[in-house]
Amino acid sequence: MTWLMIQEAWKRSLSTVHPDNSKLIPSPFRPAAFLPFTAPMVFLSLVSVKSLKSIILPQFSFYTYSTAFNIINGNASYNHHPYESILLGSGAIASSTFFGLFPHLLQIKFELKNIFIRRTLPVIILAQVSGMNVVASRSLESTRGIEVMDKEGNVVGYSRRAGTQAVKDTATSRVMLFGTSALIPEVFSYFFKRTQLFLRYPWSLWTLKLSCTILAMGLMVPVSFSIFPQIGRIQCSTLEKEIQSATEETELFYNRGV
């Protein structure tokens, strides 16, 4: 019995626990799994295609995973029912996939000639839609309010303004992550196409783009996850009046989520 308890404790020590409800986060949606899951999806989402059908699955897969990751790793201190998360997630997936397909639809329908627009438009849309996906999938945090605590960890109340700040910071970090990770491979590809190696081995372009995407995301994921502290700080004077009247602290804390 003791050995089984030790094994269980060891397994839990290697797992990621959600700070709000102390539940184990499913393995595919832990921060450590974010890079290996999203890097190939980002690469496939930016591949130039001649048919819109061939890009729907990569876009749908990417935003399905992103939405689930955002909901599971977001702040979980507000009151909600499971079906609300499912409905909210479904809407976020559908809208994000639609907007993610927009640059590919433009390229197929209008055959954009300007190489700058053709290469940068998918990057800009990917970054912006990724940020919008965070806002949409975690919108209950700003409408219901999240727990704010004093420096001793005592819950003072639920703040919608703190929830809005948590979602805003996370969305900003996603825009930086996917915008940079998608732009770097395009820049390298632009110069690589002018080399003799590309003329001899055209297929090597996809190897280069995939490698650059993985490398860029490998560098940017830790930066984006840590650019804003996990435990956010907010001045009590900027919060709701009922929270200001409930404490004498000048600064309160909240879980930002990932």
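The values are calculated or read from the model by the stated rules, or taken from the named source; none is laboratory data. Bear in mind that the values here come from a model prediction, so they are computed numbers and not experimental data. All Cβ positions, even for glycine, are placed from backbone atoms using ideal geometry, and neighbour counts span all protein chains on display.
Among residues of region 198-217 that are over 17 Å from Ser181 (Cα atoms) and free of Cβ contacts under 8 Å to residues at least 40 places away in the same chain, those with a Cβ under 7 angstrom from a residue that is in a helix (DSSP H, G or I) and hydrophobic (A, V, I, L, M, F, W, C), sequence gap 6+ or separate chain, pair up as Phe198/Phe192; Phe198/Leu205; Ser204/Leu197; Ser204/Phe198. Within region 97-121, residues that are among the hydroxyl-bearing types (Ser, Thr, Tyr) reach partners that are part of a helix (DSSP H, G or I) with beta carbons closer than 8 Å, at six or more positions or on different chains, in the pairs Thr97/Ile56; Thr97/Gln59; Thr97/Phe60; Thr97/Tyr63; Thr120/Leu183; Thr120/Glu186. When region 240-258 is limited to residues that are at pLDDT below 90 and of a type in the set (A, V, I, L, M, F, W, C), the one that is farthest from Arg138 (Cα to Cα) turns out to be Ala246.
Scanning region 127-172 for residues that are among the acidic types (Asp, Glu) and farther than 23 Å from Gly100 by Cα returns Glu141, Glu147, Asp150, Glu152. Out of all the residues in region 136-143, is one or more outside any helix (DSSP H, G or I) and either free of Cβ contacts under 8 Å to residues at least 24 places away in the same chain or surrounded by 16 or more Cβ atoms within 10 Å (Cβ to Cβ) (or both)? Scanning region 136-143 turns up at least one residue that is outside any helix (DSSP H, G or I) and either free of Cβ contacts under 8 Å to residues at least 24 places away in the same chain or surrounded by 16 or more Cβ atoms within 10 Å (Cβ to Cβ) (or both). All conditions in (1) part of a helix (DSSP H, G or I); (2) surrounded by fewer than 16 Cβ atoms within 10 Å (Cβ to Cβ); (3) in contact with an Asp or Glu (Cβ under 8 Å, 6 or more places away or on another chain) hold for Lys151, with the sole exception of (1). Counting only residues that are β-branched (Val, Ile, Thr) and either modelled with pLDDT under 90 or more than 16 Å from the chain's Cα centre (by Cα) (or both), region 52-111 holds 4 of them. Would you call Ile146 β-branched (Val, Ile, Thr), surrounded by fewer than 17 Cβ atoms within 10 Å (Cβ to Cβ) and under 24 Å from Phe225 (Cα atoms)? For Ile146, the condition - β-branched (Val, Ile, Thr), surrounded by fewer than 17 Cβ atoms within 10 Å (Cβ to Cβ) and under 24 Å from Phe225 (Cα atoms) - is not met.
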